[in-house]
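Chemist: Take this structure, written in structure tokens, and hold onto it; I'll ask about it next.
Read-outs throughout are calculated quantities, based only on the coordinates presented, and are distinct from any laboratory measurement. Here the structure is a predicted model, which is why all the values come from computation and not from measurement. As a convention, Cβ positions derive from the backbone with ideal geometry for all residues, glycine included, and neighbour counts pool all protein chains shown.
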Amino acid sequence: MNEIEVLDIARDSMATMLIVSAPILIVGLVVGLMISIFQTLTHIQEMTLTFIPKIVAVFASIILFMPWMLRELTEFNNRLMDKIVGLG
């Protein structure tokens, strides 16, 4: 295994990590932004108002995107195993 193969595996793993985590992070960002705008408009400064809806939205997005995330991670694992078998 040379440096090019190691860098290819590292690049593929980072790309897969970003692709898999992006939907959950985007949902958290959008919900946090909506709550922040709501708090600004209503002058409500309740700390739990920030965390509870964001936690619920992130858990819901995890449940919604779990089949797709599992498929992406399985495909990454298959690509990685093919590279390992191809080296031997």
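Chemist: Pairs, please: C-beta under 9 Å, at least 6 apart or cross-chain, first residue of a type in the set (Lys, Arg) and in segment 53-72, second assigned to a helix (DSSP H, G or I) and surrounded by 13 or more Cβ atoms within 10 Å (Cβ to Cβ)?
Modeler: Correct list of pairs: LYS54/VAL27; LYS54/GLY28; LYS54/VAL31; LYS54/GLY32; LYS54/ILE35.
Chemist: While we're looking at this one, here's another question. Does segment 13-27 include one or more residues that are surrounded by 12 or more Cβ atoms within 10 Å (Cβ to Cβ), touching a Lys or Arg at 6+ places or on another chain (Cβ under 7 Å) and aliphatic (A, V, I, L, M)?
Modeler: no
Chemist: Restricting to segment 76-88, and then to whatever is in contact (Cβ under 8 Å) with a residue 24 or more places away in the chain and surrounded by 10 or more Cβ atoms within 10 Å (Cβ to Cβ), can you tell me which residue is farthest from the chain's Cα centre (by Cα)?
Modeler: Here the answer is LYS83.
Chemist: Also: Pairs please, first residue from segment 16-31 and within 11 Å of LYS54 (Cα to Cα), second anywhere and of a type in the set (Lys, Arg) and in a helix (DSSP H, G or I), Cβ atoms under 8 Å, 6+ apart in sequence or on different chains.
Modeler: Final answer for the pair search is GLY28/LYS54; VAL31/LYS54.
Chemist: If you go through segment 30-70, how many residues are assigned to a helix (DSSP H, G or I), more than 30 Å from MET81 (Cα to Cα), over 12 Å from the mean Cα position of the chain (by Cα) and of a type in the set (A, V, I, L, M)?
Modeler: 13
Chemist: Quick one: count up the residues across segment 71-88 that are part of a loop (DSSP other than H, G, I, E, B) and in contact with a Ser or Thr (Cβ under 8 Å, 6 or more places away or on another chain).
Modeler: 0
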